[in-house]
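*Asks:* Input: one structure, supplied below.
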Amino acid sequence: MGTEKSQAAGAPATKRQFRIWRGDETGGDLKEYLVEVKEGEVVLDIIHRLQSTEAPDLACRWNCKAGKCGSCSVEINGKPKLACMTRMSTFTADETISVTPLRTFPIVRDLVTDVSFNYEKARETPAFAPPPGVTPGDYRMQQVDVERSQEFRKCIECFLCQTVCHVIRDHEENKPAFAGPRYFIRAAELDMHPLDARDDRKEYAQAEQGLGYCNITKCCTEVCPEHIKITDNGIIPMKERVVDRKYDPLVWLGNKIFRRGQVPQTSVTSEHSPGAVRTPAAGPPGFHSHAGASHDPEAEAQAQAGVNWHREVPKPTAPTLDETGKLPLTELTFDRPAAPSPFGEDVSFPLPPEHLNYAHPEQDKH
Amino acid sequence: MTSTATRPGGPGARPRAAIAARTLRTDRWWVQPVGIAAILLFFIVYSTIRVFMAKWYYVEDYHYLTPLYSPCLTDSCVPGSSHFGTPFGEFPFFLPLGIVAFPIVAGFRVTCYYYRKAGYRSLWASPPACAVTEPHQKYTGETRFPLFVMNWHRYFFYLAFVVLLINIYDAFLAFRGPDGAFGVGLGTLIILVNIVALAGYTLSCHACRHVMGGRLKHFSRNPVRYRFWTLVSKLNVRHGTFAMVSLFTVLFTDFYIMAVSAGWFTDLRFIN
């Protein structure tokens, strides 16, 4: 480590001034701390030092400390960042560093917020639709076709883009109608996926995800720790794909004159399902159904009632065996151009939810 | 203890962390929006004045025609400046002579994805900078009139591409001396640089990237369009730079032609 670098980081083990938000949903404030900082440390190290010294009850969420789990999202000096990837050497020695929780989501305590808004939106986004007539194992894609989608797969779901987006950061009332940048790139990823069978993702993005609320101010791209070009490669291409179908002036005129070309009112684009997180009227505050808004009243009712985790589920069929009664080991000895499915040949993915079973941590409460 | 939750919270919504400050950013986040706002406002004022000025837009000796008046399609245009004839006859004094092309290029810039970012941030403060609370109480984005018109960028792009071709034609005509033979002056070079900047701006546009190949699901089935898309994607990374550079080159080209036309200074000639 050069002299210049250690100077930039401050002399080893100096004291630095921090302002950390402490509180919960009843209120809170920025509290001052003077903490020891050593060379090479990141903000999360300082939070941990505080926990082990003068603030053992300071709540923060963290996990991998390597910028890959997306847990330690906080706002450092007002900017949404990962605490584990923000080096102390980027601050001057006399700078007071403020650390606050994500502003867009409900507070739990100290630096921890309830980010379930994002999971609700994730559940509302239609999953990958398997192509008809192609069995699992037979999926073949060219690299050139999947590389656009692969950029979006780098997402670590830290929700920094979600918290910085002014559409919901400054306007709580837009939350039901707006899914946020993370789910726009999810929609883009699937719309650009060479094998995805759905062709209504553009309409979905416009009608249900609130793509029109985005005004391209690019803050999501600025804060992305994975450097995904969210706006240029995800949102703008999705907007242009919507333009293809919705804002072509000639098509629009034709639709007005001939009253045709309306977006089919499928389950994802119906008028009365405004892609919503739960409104306060729909249940006690803070209660989440974990059913998102599936737009299926029956599934919603069943999810509300709770799932019987001890029920019988159909057993999968056994995999196909060769004439010696064994599973073919390689593609070379198998009669199909892929390894056999260990789940049996009659199983298609995604599995229907009613066929899934696992021990839910709260199963005894139901 | 601060008691107010971060705006807006709203009735019934679960409270957010109670932070009264509009932003806790410590950097000079307001510098960029203020700077961009100054540039954009200057351009708006300058171009409005120039568009309605109706003089000093053509240098007959060297065939310099300012991009703000090209193509000039009326009988009101000074002799020689109407390369494409005068289908519109005489214009009343209040109609700008560049009425055909100017709304197209202005619309192209207003609806451009780069200028949308620049304009929303600096002129409308929505938001002024990332993680800085915006002053507006309500926000509906581009979901309703008039802002959904921003989605028509593609059609402005098609039209602006035609205008670009006209500008390139104008640049060819500017290689001319006073005697009608080949000639090159400083004005010619300025016009050329402007054309390069305008072409870079038009071709690096997001709508161009989409129509070239971005709309495809399978690049492997369209190798030629994939190559075009790759090329435009490389340019597209610099779209913001092209947008700003071309703004200044248009401004400077127009100013230079105005100055030469008005006789404030003479054109520096290299050849003829």
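*Asks:* How many residues does region B:129-178 hold that are part of a helix (DSSP H, G or I), open to solvent by less than 60 Å² (accessible area, probe 1.4 Å) and farther than 30 Å from residue A:78 by Cβ?
*Replies:* Summing the residues that are part of a helix (DSSP H, G or I), open to solvent by less than 60 Å² (accessible area, probe 1.4 Å) and farther than 30 Å from residue A:78 by Cβ in region B:129-178 gives 17.
*Asks:* For region A:71-81, check the following and say yes or no: at least one residue is over 19 Å from residue B:24 (Cβ atoms) and buried (at least 16 other Cβ atoms within 10 Å of the Cβ).
*Replies:* For region A:71-81, residues over 19 Å from residue B:24 (Cβ atoms) and buried (at least 16 other Cβ atoms within 10 Å of the Cβ): present.
*Asks:* Name the single residue that is modelled with the highest pLDDT among those in region A:104-125 being basic (Lys, Arg) and under 17 Å from the mean Cα position of the chain (by Cα).
*Replies:* A:121
*Asks:* Now for a separate question. Going by what's in this entry, would residue A:117 be described as open to solvent by 10 Å² or more (accessible area, probe 1.4 Å) and more than 30 Å from residue A:15 (Cβ to Cβ)?
*Replies:* When the stated conditions are applied, residue A:117 passes them.
*Asks:* Please go through region A:8-18 and pick out each residue that is surrounded by fewer than 17 Cβ atoms within 10 Å (Cβ to Cβ) and at pLDDT 95 or above.
*Replies:* The answer is A:17, and nothing else.
*Asks:* Is it the case that residue A:225 is touching a strand residue (DSSP E or B) at 6+ places or on another chain (Cβ under 6 Å) and either assigned to a helix (DSSP H, G or I) or surrounded by fewer than 23 Cβ atoms within 10 Å (Cβ to Cβ) (or both)?
*Replies:* So residue A:225 fits the description; yes.
*Asks:* If you check B:263, B:187, B:200, which single one turns out to be more than 25 Å from residue A:230 (Cβ to Cβ) and in contact (Cβ under 8 Å) with a residue 40 or more places away in the chain?
*Replies:* The conditions single out B:187.
*Asks:* Could you count how many residues in region B:107-131 are at the interface with chain A (Cβ under 10 Å from one of its Cβ atoms) and over 23 Å from residue A:160 (Cα atoms)?
*Replies:* Residues that pass the stated criteria total 4.
*Asks:* How about region A:79-171: which helices (runs of 4 or more DSSP H) wholly inside it have at least 2 residues that are among the small types (Gly, Ala, Ser), more than 8 Å from chain B (Cβ to nearest Cβ) and more than 30 Å from residue B:224 (Cβ to Cβ)?
*Replies:* Ranges flagged: A:116-124.
*Asks:* Quick one: in region A:172-187, of everything that is outside any helix (DSSP H, G or I) and of a type in the set (A, V, I, L, M), which residue is farthest from the other protein chains (Cβ to nearest Cβ)?
*Replies:* A:179
*Asks:* Given (1) closer than 17 Å to residue B:111 by Cβ; (2) surrounded by fewer than 24 Cβ atoms within 10 Å (Cβ to Cβ); (3) modelled with pLDDT of 95 or more, identify the lone condition not met by residue A:235.
*Replies:* Against the list (1) closer than 17 Å to residue B:111 by Cβ; (2) surrounded by fewer than 24 Cβ atoms within 10 Å (Cβ to Cβ); (3) modelled with pLDDT of 95 or more, residue A:235 comes up short only on (2).
*Asks:* Of everything in region A:194-223 that's over 17 Å from residue A:236 (Cβ atoms) and within 18 Å of the chain's Cα centre (by Cα), which residue is nearest to the other protein chains (Cβ to nearest Cβ)?
*Replies:* In this case the residue turns out to be A:223.
*Asks:* Moving on to the next point. Write out, first by first residue and then by second, each pair whose Cβ atoms fall under 6 Å of each other, whose residues are 6+ apart or on separate chains, and whose first residue, in region B:25-46, is within 19 Å of residue B:246 (Cα to Cα) while the second is open to solvent by 50 Å² or more (accessible area, probe 1.4 Å) and part of a loop (DSSP other than H, G, I, E, B).
*Replies:* Close Cβ pairs (under 6 Å, with a partner that is open to solvent by 50 Å² or more (accessible area, probe 1.4 Å) and part of a loop (DSSP other than H, G, I, E, B)) amount to B:37/B:123.
*Asks:* Taking region B:234-270, which residues are touching a helix residue (DSSP H, G or I) at 6+ places or on another chain (Cβ under 9 Å) and outside any helix (DSSP H, G or I)?
*Replies:* Scanning region B:234-270 gives B:237, B:238, B:264, B:265, B:266, B:267, B:268, B:269, B:270.
*Asks:* Filter region B:51-73 for residues that are more than 23 Å from residue B:176 (Cβ to Cβ) and crowded, with 18+ Cβ neighbours inside 10 Å and give the result.
*Replies:* Of everything in region B:51-73, those that are more than 23 Å from residue B:176 (Cβ to Cβ) and crowded, with 18+ Cβ neighbours inside 10 Å turn out to be B:51, B:54.
*Asks:* Let me ask something additional. For residue A:130, indicate whether it is farther than 19 Å from residue A:165 by Cβ, out of contact with any His (no Cβ under 7 Å at 6 or more places or on another chain) and either surrounded by 15 or more Cβ atoms within 10 Å (Cβ to Cβ) or not assigned by TED's automatic domain parsing to the domain that holds residue A:183 (or both).
*Replies:* Here the answer is yes, as residue A:130 does meet what is asked.
*Asks:* Kindly indicate whether any position in region B:203-210 is modelled with pLDDT of 95 or more, under 30 Å from residue B:265 (Cα atoms) and within 20 Å of the chain's Cα centre (by Cα).
*Replies:* no
The values are calculated or read from the model by the stated rules, or taken from the named source; none is laboratory data. All values derive from a computational prediction rather than experimental measurement. Quick reminder, even Gly has a Cβ in these numbers, built from the backbone with ideal geometry, and neighbours come from all protein chains shown. Side chains are part of the model used for accessible areas, which takes the heavy atoms of the whole protein and leaves out ligands, DNA and RNA. Shrake-Rupley method; radii C 1.70, N 1.55, O 1.52, S 1.80 Å.
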